[in-house]
Each structure stands twice: as structure tokens, then as C-alpha cells.
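**Q** First the structure, then my questions, so here it is.
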Amino acid sequence: MAKRKGEPVHGWLVLNKSCGITSTKALSIARRLLNASKAGHAGTLDPLADGVLPLAFGEATKTVPYLVDARKTYRFTVRWGQETSTDDREGPVVQSSEVRPTQDQVLCALPAFIGRVLQMPPAFSAILVDGQRAYDLARNGERVELLPRETDIFRLEVLEVPDGDHTVFHMTCGKGTYVRAFARDIGRALGCFGHVASLTRTAVGPFRLADAITLEKLEESAKDPAITRGLRPLATVLDDIPALAVTDQEASQLRLGRAILARGRLFLPEGVADDSGAHAVPPVYCRTRSGDPVAIAVFEAGEVKPIRVFNFSH
């Protein structure tokens with residue numbers, strides 16, 4: 001078996017991705033600089049966008065699903081009077097108008113876009129259509145048929161109006177929300193068209209832009225042996241999951257994929273109904289009394305069963 005390249009680096013890096021680079025490319029560069037054997041990112045950020053791109057290394061990659069569902073915040077500018085094929089400044093203009101909305105008109109339009117809303121994803125998106133990315137089909141000139149999707153927009157406000165052609169917004173939203181779709185839809189609602197002129201992701205879950213590092217700064221630090229000490233612990237993204245302390249003997253069993261008895265522990269329900277009515281088992285985060293990560297597990301039939309095990313020996 002071929003030996004995996006790189007070292008066993010574990011933890012989260014909060015990257016401040018710059019414009020003009022894909023999330024995959026940014027991850028590849030960061031992985032090389034840290035000489036990490038395993039890495040992944042939580043939530044694609046468009047090439048024309050900048051800001052927070054959380055990168056997971058080693059065992060932290062097992063916690064990525066718990067960050068994908070986290071709330072995200074954006075600061076972005078909508079350019080009025082032009083709708084583009086990509087809903088951002090990259091694509092050609094497909095509709096235009098001389099109409100420009102007043103600030104009061106924009107503010108009056110916002111309530112319709114707050115709460116649980118239906119969005120039609122942009123044609124140029126990463127959604128899979130018959131096994132192919134929608135943006136690949138769109139770039140080839142094929143007509144992309146996408147279905148509306150429900151998403152949650154928790155907060156939406158106007159930050160500033162630099163001139164009549166532009167408005168700067170702040171948005172806090174749930175997973176699957178397209179800022180570009182909002183720009184397109186509010187532009188249509190106001191009868192003036194619009195697209196995203198600039199976009200910065202300012203937060204993903206517990207990760208904030210103020211704490212993020214650029215690839216340039218990361219490269220400057222790459223020769224420092226202590227570079228990986230700046231990584232956030234994998235448990236950073238598990239704050240919303242109940243923690244369960246286990247003994248060293250129980251930790252050994254869980255790491256082998258074996259269940260331990262739940263007797264004498266805090267009782268948790270074996271299942272809760274989600275929005276679809278399905279029965280979901282809530283997870284717990286198992287750690288040793290000294291705080292070492294052990295596993296993500298569920299209570300089931302009187303046992304604590306591991307569903308994700310953390311192994312830092314490789």
C-alpha cells in the first residue's frame with residue numbers, strides 16, 4: 001500500500017480566502033503549506049468572493065458535517081440596473097434598466113426575503129444535475145433546469161448606500177442560501193434588476209473573519225515548526241452537541257468502534273422527529289476527563305454507540 005503523503009496534522013484553520021481563487025485551490029495550497037496528509041473544507045466560497053473559508057485537517061475532517069449546517073454571515077454589495085447570467089459581476093448582462101430604487105423602497109422590500117424562503121438557485125451553481133455540476137452545463141450553453149429550494153434567512157439589513165447604483169447589505173442565513181439569488185430576486189421585485197458586485201463571508205459558525213489568516217500570511221509562517229499550533233481544536237465546531245465524559249477504558253472501547261453501557265449517565269431521548277417526521281437520533285460528543293476527543297456517538301438501546309471515532313495515531 002502506498003504511503004499517504006504528508007504529516008498527521010489535526011485541527012481547523014480559519015482561512016481568509018482572497019478573490020480570484022477557488023475554494024479547492026485554496027485548500028490545496030494550505031494543505032501543501034502545512035504538509036498535511038488529509039484535508040477538506042466546509043462550504044464552497046465562490047471564486048469572486050472572499051472571506052471565511054474553514055479548512056479541516058486530519059481528524060477534524062470528520063466534524064465537517066457539523067459545520068456545514070452552521071449559520072453564515074455575509075457582507076455584500078448589490079449593483080442595481082443590471083441582471084447577469086451568473087447573478088454576479090462575472091457574467092454578461094442579460095437584462096438592464098434605468099430604474100434605481102430608493103433606500104426606503106429597498107427597506108420595504110426586505111421583509112419578504114426574511115424567514116423561511118424559496119430560492120431558485122443560480123444556473124451557475126455547484127448543484128448536481130444528472131451527475132454534472134450546473135455551472136459546467138451552463139458554461140457549455142446548455143439550459144439548466146433547477147428546482148426552487150427552501151432556505152432560512154435570519155437577518156437582513158442595509159449597511160450603507162455608497163451611491164445610487166449600489167447598496168451594501170448584511171445577511172445571516174442557513175445552509176444552502178445563495179446571496180446571488182437574493183440579489184437577482186430583490187432586483188426583480190424592485191423592477192430594476194440587480195447582481196452581486198462584491199461578496200465577503202464574515203463568519204461561519206464559530207469562525208470569524210477577524211480571526212482568519214490569508215494564504216500569504218500562512219506562507220510566511222510555513223517555515224515555522226510551530227505553524228500547526230495555531231490550528232483550532234476539532235471540538236470547536238461541536239459546541240452545540242452535548243459533551244459526555246468517559247473513562248480511559250471506555251475511551252479505548254469507543255475508539256475500537258465498540259459501544260459502552262449508558263447506565264448511570266444523563267438520559268437523552270433515543271430519537272426526535274425532524275421536519276419530515278423522520279426519527280433522528282441526536283449525537284453526543286465523547287471526550288476523556290482530560291478533554292481529549294474520543295468519538296461522536298448516539299444513545300441507543302441502553303448503550304452509547306460511536307458513529308465517528310477520532311484516532312490521532314495517524
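**Q** From the list ASP211, ASP185, which one is out of contact with any Ser or Thr (no Cβ under 7 Å at 6 or more places or on another chain), among the acidic types (Asp, Glu) and under 25 Å from ASP163 (Cβ atoms)? Walk me through it before giving the result.
**A** Working: ASP211 fails: under 25 Å from ASP163 (Cβ atoms).
That would be ASP185, the only listed residue that is out of contact with any Ser or Thr (no Cβ under 7 Å at 6 or more places or on another chain), among the acidic types (Asp, Glu) and under 25 Å from ASP163 (Cβ atoms).
**Q** Next up: May I ask you to list pairs of residues, at least six apart or on different chains, whose Cβ atoms are under 6 Å apart, with the first in segment 77-95 being more than 13 Å from GLY164 (Cβ to Cβ) and in contact (Cβ under 8 Å) with a residue 12 or more places away in the chain and the second being polar (S, T, N, Q) and buried (at least 22 other Cβ atoms within 10 Å of the Cβ)?
**A** Going by the 6 Å Cβ cut-off, the qualifying pairs are GLY91/THR84.
**Q** Can you say whether VAL94 is under 26 Å from VAL168 (Cα atoms), in contact with a Leu (Cβ under 6 Å, 6 or more places away or on another chain) and assigned to a strand (DSSP E or B), as far as the supplied structure shows?
**A** no
**Q** Name the single residue, out of those in segment 72-115 being touching a Gly at 6+ places or on another chain (Cβ under 7 Å) and of a type in the set (Ser, Thr, Tyr), that is surrounded by the most Cβ atoms within 10 Å (Cβ to Cβ).
**A** THR84
**Q** Grab the strands (runs of 3 or more DSSP E) fully contained in segment 164-251, keeping just those with 1 or more residues being among the basic types (Lys, Arg).
**A** Numbers: elements: 166-173, 194-204, 243-246.
Qualifying strands (runs of 3 or more DSSP E): 194-204.
**Q** Right, another one. Please count how many residues of segment 145-163 are in a strand (DSSP E or B) and modelled with pLDDT under 95. Please lay out each step first, then the result.
**A** Initial filter on segment 145-163 (in a strand (DSSP E or B)): 149-163.
Narrowing the set further to residues that are modelled with pLDDT under 95 leaves 149-151.
The total comes to 3.
**Q** A further question follows. Would you pick out the residues in segment 1-30 that are out of contact with any Leu (no Cβ under 8 Å at 6 or more places or on another chain) and among the basic types (Lys, Arg)?
**A** Selection gives LYS3, ARG4, LYS5, LYS25.
**Q** I'd like the residue in segment 1-48 that is part of a strand (DSSP E or B) and surrounded by fewer than 18 Cβ atoms within 10 Å (Cβ to Cβ) and, out of all such residues, is modelled with the highest pLDDT.
**A** Initially, segment 1-48 is screened for residues part of a strand (DSSP E or B), giving 7, 11-17, 36, 39-41.
Filter once more, so that each one left must be surrounded by fewer than 18 Cβ atoms within 10 Å (Cβ to Cβ): 7, 40.
On the way: GLU7: 83, GLY40: 92.
Per the criteria, the residue is GLY40.
**Q** Please enumerate the residues belonging to segment 4-27 that are more than 10 Å from PHE57 (Cβ to Cβ) and of a type in the set (Gly, Ala, Ser).
**A** If the condition is that a residue be more than 10 Å from PHE57 (Cβ to Cβ) and of a type in the set (Gly, Ala, Ser), then SER18, GLY20, SER23, ALA26 are the ones that fit.
**Q** On the basis of being closer than 17 Å to VAL168 by Cβ, under 22 Å from the mean Cα position of the chain (by Cα) and crowded, with 16+ Cβ neighbours inside 10 Å, does GLY58 make the cut?
**A** Values: closer than 17 Å to VAL168 by Cβ: no; under 22 Å from the mean Cα position of the chain (by Cα): yes; crowded, with 16+ Cβ neighbours inside 10 Å: yes.
No, not satisfied.
**Q** From the set of residues in segment 107-129 that are modelled with pLDDT of 95 or more and outside any strand (DSSP E or B), which is nearest to HIS166 (Cα to Cα)?
**A** Within segment 107-129, the match that is nearest to HIS166 (Cα to Cα) is LEU107.
The values are calculated or read from the model by the stated rules, or taken from the named source; none is laboratory data. Please read all numbers here as calculations on a predicted model, not as lab measurements. Please note: Cβ atoms are built from the backbone with ideal geometry, for glycine as well, and neighbour counts cover all protein chains shown.
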